[in-house]
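Read through the structure below, which is laid out as structure tokens, and then see the notes.
The values are calculated or read from the model by the stated rules, or taken from the named source; none is laboratory data. The structure displayed is predicted, hence computed values, not measured ones. We place every Cβ from the backbone using ideal geometry, glycine too, and count neighbours over all the protein chains shown.
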Amino acid sequence: MALSYTRASAEGKEPRGDPEPVRIHRGGFSHAPVIQLSNGARTCGSCLRCPTVPCQRYSVDEAANDYFREFPADSSVTVCPTDAIQIGADNCGPVIEKGRCICCGLCVARCPVQAIVLSANGAQVNDSENEVFRLTGKPVDVERVAAITDEYRSVAISGQIADAEFAADVCDRVIDTASRSSVQVPNLLVRNLMLSLGVPFHVRRLGDTNMRIDSVFRSGENRLGVAEIETSEGAILDAPRDILDDCAVLNARYRIPLETIDPLIVSLRFPNRRSEYWQVIKDIADVLGMRIASITVGALLILMWTDRKLGQDIWPEFYADVEAPTIEPVLRRLLGGRINGMVTYPGWSKAAK
Ligand code: SF4
Ligand code: SF4
């Protein structure tokens, strides 16, 4: 079936011959991923010009909010939080605008054939033919692309897109971008990172004044997560109190039992050990029995860069307070112990000092 889509003129691409992909290794920052084939050959990816463009947008199902419909969720299905990925006007794959790219790697993680590489110049799409991927001389074939991408998605992935040191750079780019544009940029970055980790997560649409809650997520079977996203280091001290407010709203207005709510604070970096933040988290746990989890954008990036998923009911493991202001135990478990081998930056997994 020939493609019927805005890029109907795009020429299709497909693998040459029969060799199947058996393993994919992401070589890290600035290194093209290596695809190992069943005939022993190795190659890098090349854009298939997917009709559904998974590097650019989510399907309706992927972005659906089917667990808390009353929440006024941002309906964006755009993968890139800065909208840097555009469909090429010509007979080619997506184009990434270097000046808008914050190097988060979300598009890289979603490309089934590993055709996007993250570098200091931003993410770059490889659309060239190589020894495996060749142009077909015909329009993109929807069913053929779906079959190829299904096959590639079933292949084991090792390695990582980038490392913890680079996460600090991404966080700096997020702050810089948010200061020049919409606050929705970091919110959608967090949403999309959560979606990439397998967590149904939704942020409030911009301008909705009837709902103060930043974001909600499905945190487990018959459980609801509520999250405050704080990208300003000064404002994070307000986050625990804001979360209490959120829980009160969910309970009083929507009759959601408090014991089924998982509160979470997402920040760019954790506050210092001496920050009041950690003591307030402990006070709330001691007095109200409510354990507020904490996670950083840096931790979300590293989990996504290493192709991890967050299972349901994991959120209590992200609890940290003044006695142990760290989420390293759960990260170490999720990353298979590799946390010690990573170059880290202050505040991504524990209080900085
Ligand atoms: S870059 Fe990857 S996901 Fe995007 S259109 Fe090309 S092959 Fe598809
Ligand atoms: S790396 Fe992130 S910011 Fe850059 S194009 Fe991809 S999704 Fe957008």
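Hey, could you check the stretch 53-80 for residues that are of a type in the set (S, T, N, Q) and touching a residue at least 60 places away in the same chain (Cβ under 8 Å) and say which is nearest to ARG255 (Cα to Cα)?
The qualifying residue nearest to ARG255 (Cα to Cα) is ASN65.
Look through ASP127, ASP163, ASP172 and report the one residue that is within 14 Å of ligand 1 (Cβ to nearest atom) and surrounded by fewer than 20 Cβ atoms within 10 Å (Cβ to Cβ).
So the residue among ASP127, ASP163, ASP172 that is within 14 Å of ligand 1 (Cβ to nearest atom) and surrounded by fewer than 20 Cβ atoms within 10 Å (Cβ to Cβ) is ASP127.
Name every residue in the stretch 91-124 that is modelled with pLDDT under 95, out of contact with any helix residue (DSSP H, G or I) (no Cβ under 9 Å at 6 or more places or on another chain) and either within 14 Å of ligand 1 (Cβ to nearest atom) or not assigned by TED's automatic domain parsing to the domain that holds TYR152 (or both), in order of residue number.
ASN91, CYS92, GLY93, VAL95
Quick check, is GLN36 more than 16 Å from ligand 2 (Cβ to nearest atom), free of Cβ contacts under 8 Å to residues at least 60 places away in the same chain, of a type in the set (S, T, N, Q) and surrounded by 16 or more Cβ atoms within 10 Å (Cβ to Cβ)?
yes
Go through the stretch 84-107 and report how many residues are more than 6 Å from ligand 2 (Cβ to nearest atom), of a type outside the set (S, T, N, Q) and outside any loop (DSSP other than H, G, I, E, B).
4
Kindly provide the set of residues from the stretch 39-64 that are more than 16 Å from ligand 2 (Cβ to nearest atom) and either crowded, with 18+ Cβ neighbours inside 10 Å or outside the structural domain of ASN130 (by TED's automatic domain parsing) (or both), ordered by number.
THR43, CYS44, SER46, LEU48, ARG49, PRO51
Spot the failing condition for GLU70; the list is (1) exposed (fewer than 14 other Cβ atoms within 10 Å of the Cβ); (2) assigned to a strand (DSSP E or B), and only one is missed.
The one condition GLU70 does not meet is (2).
Of all residues in the stretch 73-89 being of a type in the set (A, V, I, L, M, F, W, C) and within 16 Å of ligand 1 (Cβ to nearest atom), which is surrounded by the fewest Cβ atoms within 10 Å (Cβ to Cβ)?
Going through the qualifying residues, I end up with ALA89.
Could you check the stretch 119-145 and list, in sequence order, the residues that are touching a Cys at 6+ places or on another chain (Cβ under 6 Å) and among the aliphatic types (A, V, I, L, M)?
Passing the criteria: ALA123, VAL125, VAL145.
Mind checking which helices (runs of 4 or more DSSP H) fall wholly inside the stretch 229-308 and carry at least 2 residues that are farther than 27 Å from LEU118 by Cα?
Per the criteria, 239-254, 276-288.
Has the stretch 59-71 got any residue that is among the polar types (S, T, N, Q) and more than 21 Å from the chain's Cα centre (by Cα)?
Looking through the stretch 59-71, none of the residues is among the polar types (S, T, N, Q) and more than 21 Å from the chain's Cα centre (by Cα).
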